Amino acid sequence: MNLPPPPFASGLEFDNLSLTYQAARSGAGVALGQLFLVADDLISGRLSPAASVCVEIDLPHRFVYRTGRDTPSEIAHFRNWMLEQAAETLAKMAQIRKNLADLQVPS
């Protein structure tokens, strides 16, 4: 799609994604959303995909802590839990993408 850039001098702008998604749900316009946060809305039909493209951005996260604050075993236990949660989220996202593949995109 070769569309001109949108005019930024007018319209609504939100610095909170929750408000952005609520505005889209209320019919105020379109929104760029993080798939994990809008998946339920897309699957339920509250929101519709405006394009068939889903851009994945690999932004690394770092697990950090203040030296000497906790014992190494406590840190390792929490780190392992975080890694388990991340793996579960990746699996959920794969299922969400599979479910969303069947949604109709307007032409």
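Some observations on this one:
- Top-ranked residue of the range 5-22 - restricted to ones that are modelled with pLDDT of 75 or more and more than 26 Å from LYS98 (Cα to Cα), ranked as surrounded by the fewest Cβ atoms within 10 Å (Cβ to Cβ): ASP15
- Test result for SER73, in a helix (DSSP H, G or I) and small (Gly, Ala, Ser): yes
- Flag: ARG66 matches the condition of being part of a loop (DSSP other than H, G, I, E, B) and among the charged types (D, E, K, R).
- Filtered by the rule that a residue be surrounded by fewer than 11 Cβ atoms within 10 Å (Cβ to Cβ) and under 19 Å from LEU59 (Cα atoms), the range 87-107 gives ALA87, GLU88, LEU90, ALA91, ALA94.
Yes/no per residue for (1) within 16 Å of the chain's Cα centre (by Cα); (2) surrounded by 10 or more Cβ atoms within 10 Å (Cβ to Cβ):
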{"site": "SER26", "(1), (2)": "no, no"}
{"site": "LEU35", "(1), (2)": "yes, yes"}
{"site": "ASP40", "(1), (2)": "yes, yes"}
{"site": "VAL64", "(1), (2)": "no, no"}
{"site": "GLY68", "(1), (2)": "no, no"}
{"site": "PRO72", "(1), (2)": "no, no"}
{"site": "ILE75", "(1), (2)": "no, yes"}
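- Cβ-Cβ under 9 Å pairs, at least 6 apart or on other chains, the range 70-82 side under 23 Å from PRO60 (Cα atoms), far side in a helix (DSSP H, G or I): none
The values are calculated or read from the model by the stated rules, or taken from the named source; none is laboratory data. The structure presented is a predicted model; accordingly, all values stated were derived computationally and were not measured. Positions of Cβ are generated from backbone atoms using ideal geometry, with glycine treated the same way; all protein chains shown enter the neighbour counts.
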